[in-house]
Amino acid sequence: MPGPPAAPETRLPRDTEPGSPRRKVGLFDATMLVMGGIVGAGIFINPYVVARELPQPGWILGAWALGGAIALLGAFVYAELAARMPEAGGQYAYLREAYHPGVAFLYGWVLLLVIQTGGMAAVAVTFATYFLKLTDLPLSAAAVAALALAALAVVNCLGVRAGSAVQSALMVLKIVAILGLVAGGAWFVFGGGTVEEGAAAAASSGDAAGPTGVGLLFAVGAAMVPVLFAYGGWQTTNFVAEEVREPRRNLPRALIFGVSGVVLLYLAVNWVCVAVLGPVGLAATTTPASAVMERALGTAGGRWIAVGIAVSTLGFLSQSILTAPRVYYAMGRDGLFFRAVGRLDRRHGAPVAAILLQAAMAIVIAMSGRYDQILSYVVSMDFLFFGLTATCLLVFRHRERVGGVVAEVGARVPGHPWTTLLFAVACWLVVGATFARYPVNSLLGLGILLAGVPVYLAWRRAGSVG
């Protein structure tokens, strides 16, 4: 029986191993990866969901501020984990070293079958829907989604430098789109609208009767689910740790800079949504970003924000295709998945088989039309592993105390262990709320997770296959 794995602080990046990943990602690109993993279509849509639960301006903005604080706390946790173990796979590597390879396998299993591919399929169809509205091409949304996924997979097969360059460019365009939304809304609020429009906005800005007492507590909990989901995704940058230059310094900085930047953008978007539409008007529309821009700039504004949403979703897909395959690559390298998935292309240094596998599965889901059902599993499984990964830091710190050796880690979580526990508990509260609201789909997601247990045991008995 093998002994326990080496403590993470003694594991070195595999820079010098033959066929090891190439360190091509600098601080700017890593920061764009963090932001790109968070900002998809959610911020253009989710504000109305929060307004329906908390129909008062202060509570709406407070929920987004609280979600940002939790996300930033999580960024600190993952920053220390990244500084301790700058390895490919991120969460997979932390779970493997803290607990057991089987736990890490289950994370990779559910990432491939549920979290990543289902989410990518849904976002790809969202991109296709907006793209077709803008172009009027005689194609189906599923076909455009498949073409987008295939094209981005090809780009990322050319290496991390090509993939990160495309991702950074798309993220910059996302930021421009969000700032355009904020500017358009602010222009309307501070005098750009007509007298009639201003009166209509004022009429809709009165506070609806909000919940109180225990009802308020449940409303806040319900509102935090879409908020935290919109803030999720920053952790995926840790997947490419072995391809980041000076990862022990740049990864923590990228996480903190990137999450902080997104928090500011999200608060600004929600402020203009509340200011332009009012809490009642915000709760009444399912397309708040379009409603703000149409009120501020008319039809041209609605078309402009549609372009921004299309770019944002495409950027999210680019980030997903770049980062997540590094988990399957790490699994293959550890002998817990197909050997071919654990190999790098000799010319470009990219995990081509892993990239193509993920893209193919996402395309199948997008073409099948089952992505909506799979997407409903994502939240519970994603946040289950968010919290569990945070507890890896508790394990690593405990090993330090027992061993009497404190690792030299530049990034340390302020207020640990209480802040780390707070983040883990917040994640698991989201899981509980998701199970309470969507019990059938959440249980199906849990069933897919548990189905990985016999698969892992069979894989270990048979050994890795080619």
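Details
- Close amide H pairs (under 5 Å, H built 1.01 Å from N) link Ala88 with Glu242, residues at least 5 positions away or on another chain.
- Spin-label model distance (nm) - Ala143 vs Val402, 7 Å beyond Cα toward Cβ: 5.9
- Virtual spin-label span in nm between Asp136 and Asp345, 7 Å along Cα→Cβ: 3.8
- Charge dipole of the chain (Cα centre as origin; +1 on each Lys and Arg Cβ, -1 on each Asp and Glu Cβ, all else neutral): 1220 debye, rounded to the nearest 20.
- Listed residues Ala354, Gly232, Val123: farthest to the positive end of the dipole of the chain (Cβ charges): Ala354
- Selection from Trp418, Gly301, Gly281, by position along the positive dipole direction of the chain (Cβ): Trp418
- Over all projection directions, the Cα-based convex hull of the chain averages an area of 22.4 nm².
- Between helix 247-284 and the chain there is an angle of about 30 degrees, using the helix long axis and the longest principal axis of the Cα atoms.
- Length available on full extension from Val154 to Arg460: 0.36 nm per residue minus the Cα-Cα distance, which gives 107.0 nm.
- In this simple spin-label model, placing a label point 7 Å from the Cα along the Cα-to-Cβ direction at both Glu246 and Trp428 gives a separation of 3.8 nm.
Values in this text are rule-based calculations from the coordinates and carry no lab data. Note that the coordinates shown come from a computational prediction; the quantities given were computed from them, not determined experimentally. Positions of Cβ are backbone-derived with ideal geometry, glycine not excepted, and every protein chain shown enters the neighbour counts.
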